Every structure is written in structure tokens, then in C-alpha cells.
């Protein structure tokens, strides 16, 4: 009787062990059941609440749960983030999709692709003072707009002007340094500035400019088809470790769900990664990004992360008004949807 009990116990132990091993191999679709996959990841600017979903993927253990060990770094700008992925010093990066399109048109560059779109709508905008007589895009004619070197939004201004019947020559573009952009607008030395809505508009309020004196003219509200920030991947890494790329995307989506569900706590996580910052300002920034750039009607309909081929063609037309393509790309040249989870797993709502 004792021998039979020992044998039964042994059989049960083997079964439990087998089930445990199987679970570790498939639970959560982990990229690797063994040692974690090392990933160097670059943001295209210093951390703030706009990238809370990625921050939470790290701070809440979502990357590690997917079998990833992610080291996050900040690039100087989107061009630097793309360059890091191109040479392989970063396996993945968050970068402006429109900048990637232009990069890919250069001769001899690496075939980098985006695999996940975080910002369904670009944050490109003119930020103006209503007290300077600007409340709509038409009011920008006859005004002076401050533009920084390397500004991405101004590259789509020609297409936006044509679409809205505005004269390019009627708007004076004044080159300024990034450090003086908001101060000059605050001081009344400019009528408007170009940039990203979730940065300049929020920072101006923090400078004491009344919210009801700030006009945020989002390009997306005036017919701009551009997407915003997207995850891009080194082509060799994508080919060698496709499951790790899929795992990274899943973790970011999970981080987004947590961000939507607990925005205040998400901001606390972000502040823990910043050298300095205001909780109130970063919470404003997060709410602006979620409502204006991430949780769009298209995302609610189609799910997060993908692109619409028809809209992409419209975007290429708009880019072409200020950029001569050597070889106009197809959507599949820029975006690889094979790393996305099923559409049913990408459904996101404000009530997450």
C-alpha cells in the first residue's frame, strides 16, 4: 500500500512538473521561456507623460513578464532615434513615423520599418495666443510663426495650407532656437509657434499663460493625415527575434491599458523616471495625449497599433507637397503589421 502511494505521488509530481513547464513556455505568449531577451530601446526625447504606456511596461513588470529585459535610453531627437536603430545600437525605438518615411527614401539606408503606431494622430500644431487675434487656422495669415530648426510639423504646413485655402507667403516663418520658443510667445514677440500640442500648449499654461488665451491649432483637425509616434525596429533583430518584437508590442499595449485605467498612478510612475517634473503638468500632458493623439475614433473602431492603407496614401500625397520622393513607398515598405496582436486584442476604449 505504501509503495502504491509513493508511485501515485511520483506520477502526480511528474504531471504537475510537465504542466508547469508547458505553462512557462506559453503563458502570455512569452518570447522566450529561458533567459530574457536583452533589448536596448530609445525614446526620441526625454521621458514625460506622453510615453507613459512605455514607462509602465517597464515599471510594472510587463516587459519582464514577456521575457524581455529592456534598457531604455533617450535619444536627442527622432532623427537620432532612427539612426540608433539603423546602426543597431538600439533594437527598437519610438520615433515619428513621418520622419521614418523621409529617412527610408534616402539612398542606401537600412530597411527599417514601424511595427506599432502609438499616436494614431500626429501632435503637429500651431500654438497661438488668442489675444493676438488667432482662434482658427485661417487667422494665421498675416502673422509671424516661430519655427525651430529640425521642426517636423512645419514640413506638412504646405499641404495643410493648400487644403485649407491659405497662402503660404501670407505667413512669416521666423527661425528661432528651441529654448526661446515658448518664452518668445509668452512675451508677445511671436504670434504663434509650431511644434507638438502636448508639449508647447501644456508648457505655456505652466508659464502662467491663461488657458483661455491659448489656441491649439492641431493639424489633424484641419485635414492632416499624419500618424505620430510609432515603434520602429532594427531589421536584423526583427528577423532573428520576431517573438521578442511581438512581446514588446504586447507589453506596450498592456501599459497603455494601465495608463488609461490609472492615469494619476501612471504619472507617478513617469515622475519617478524624470529628473524633475510637475505632477499637475504631466497629468495635463497625459490627458491631452490620450484624448488628442491615442484614443481616436479610428482606434476605437479598428484597435490600436495599425495603419489604414488609404489614409497612408493620403499622407504620402501631403508629404510630397514639400518633399520629392526618389521612390514613393508602399505602406508595406514602411509598416509591418505581422508583429501586431489580433485586432480583438488591440481594442482600446477610454473606459479601460
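Read the figures in this text as sums done on the coordinates, not as results from a lab. Treat the numbers as computed from the prediction; the structure is a model and nothing was measured.
Observations on the structure shown:
- Taking the square roots of 5 times each eigenvalue of the Cα gyration tensor of the range 124-222, largest first, gives ellipsoid semi-axes of 19, 14, 12 Å.
- Working note: Cα atoms of the range 69-152, range along each principal axis, descending, whole Å: 49, 33, 22.
- DSSP-defined antiparallel bridges as percent of all bridges, the range 124-222, nearest 5: 60
- Normalised by the number of residues in the chain, the average gap of Cα pairs under 8 Å and 6 or more apart makes the relative contact order 26 percent.
- The chain - share of DSSP beta bridges that are antiparallel (%, nearest 5): 55
- Adding -39500 (n - 2.57) for every DSSP H run of four residues or longer, then dividing by how many residues the chain holds, sets the calculated 222 nm ellipticity at -11500 deg cm²/dmol.
- Cα-only radius of gyration and Dmax that characterise the range 239-315, units Å: 15.4, 43
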